[in-house]
Structures are given as C-alpha cells and as structure tokens.
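J.: One structure is given below, represented as structure tokens, and several questions about it will come after.
The values are calculated or read from the model by the stated rules, or taken from the named source; none is laboratory data. What you see is a predicted model; the values in this text were computed from it and never measured. Heads up, the Cβs are rebuilt from the backbone with ideal geometry, glycines too, and the neighbour counts pull from every protein chain shown. These area figures cover heavy atoms from the full protein model, side chains too; ligands, DNA and RNA do not enter into them. Shrake-Rupley method; radii C 1.70, N 1.55, O 1.52, S 1.80 Å.
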Amino acid sequence: MRRSDDRRRWLHPFQPGRMVLGLAMGGVALAYGGEAAGWWDTEWYAAIPIVVLGLFLASVAGIIAYAVRRRRGARVLPPTDDRTDIGAGAREG
C-alpha cells in the first residue's frame with residue numbers, strides 16, 4: 001500500500017487557471033456542437049464573450065493560486081546546513 005506522500009510526488013501541480021480556461025473552451029465547444037447537432041441556434045459571435053470571460057477568470061485563478069503557493073512557500077522553514085555555520089567548531093589557524 002502506498003502512502004499518500006509517495007503518490008503526491010508523481011502528480012503534476014494543480015493549475016486552476018488552466019482548468020477554468022478548459023471549462024470555458026468546453027462551453028464554446030458545447031455551444032457550437034449543439035448547433036451542429038440541430039438542438040439550438042448559436043450565433044457566430046457567441047464565442048467571443050465566453051472566451052474573453054474565460055481568459056479573465058483563468059488569469060484571476062492563476063494569480064490567486066500563485067499567491068497561495070508563494071504564501072505556503074514562505075511558511076516552510078529553510079533547511080539547516082551545518083557547513084555554513086561558523087562558530088566554535090570552525091577550523092582554526
């Protein structure tokens with residue numbers, strides 16, 4: 001049985017901006033796919049506001065995710081390194 005830490009190491013980092021943009025592009029595909037199937041009529045310019053809003057929301061999600069990652073990274077303690085410690089144990093002479 002694997003530990004969750006081992007599994008997390010192999011996963012890619014979560015990128016919410018790409019997810020939001022993918023959902024917006026999926027909405028455009030659904031709109032034009034529905035028109036192609038004859039379920040409804042979609043105007044040619046319907047994709048413009050969906051794409052623009054999707055890009056805007058994706059950038060907001062990306063900025064928030066970046067800020068959260070930076071904030072989490074600042075809370076992590078730096079690793080201790082004994083090689084840089086100059087003190088009583090340093091070589092003399």
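J.: On a full-extension model of 0.36 nm per residue, what is the gain between W44 and R18, subtracting their alpha-carbon distance, rounded to one decimal in nm? It would help to have the intermediate numbers written out before the result.
T.: Numbers: separation 26, 0.36 × 26 = 9.36 nm, distance 2.45 nm.
Gain on stretching W44 to R18: 6.9 nm.
J.: With a 1.4 Å probe and all protein chains kept in place, how much accessible area does Y66 have, in Å² rounded to the nearest 10?
T.: 120 Å²
J.: To the nearest 10 square angstrom, what accessible area does F56 show with a 1.4 Å probe?
T.: 120 Å²
J.: While we're looking at this one, here's another question. How much net charge surrounds A31 when only other residues with a Cβ under 15 Å from its Cβ are counted (Lys, Arg +1; Asp, Glu -1)? Spell out each step's value before the answer.
T.: Values: positive: none; negative: E35, D41, E43.
In short, -3.
J.: May I ask you to compute the full-extension gain from L55 to A67, defined as 0.36 nm times their residue separation minus their alpha-carbon distance, rounded to one decimal in nm? Kindly include the intermediate steps, with their values, before the conclusion.
T.: Working: separation 12, 0.36 × 12 = 4.32 nm, distance 1.83 nm.
Once the chain is fully extended between L55 and A67, it gains 2.5 nm.
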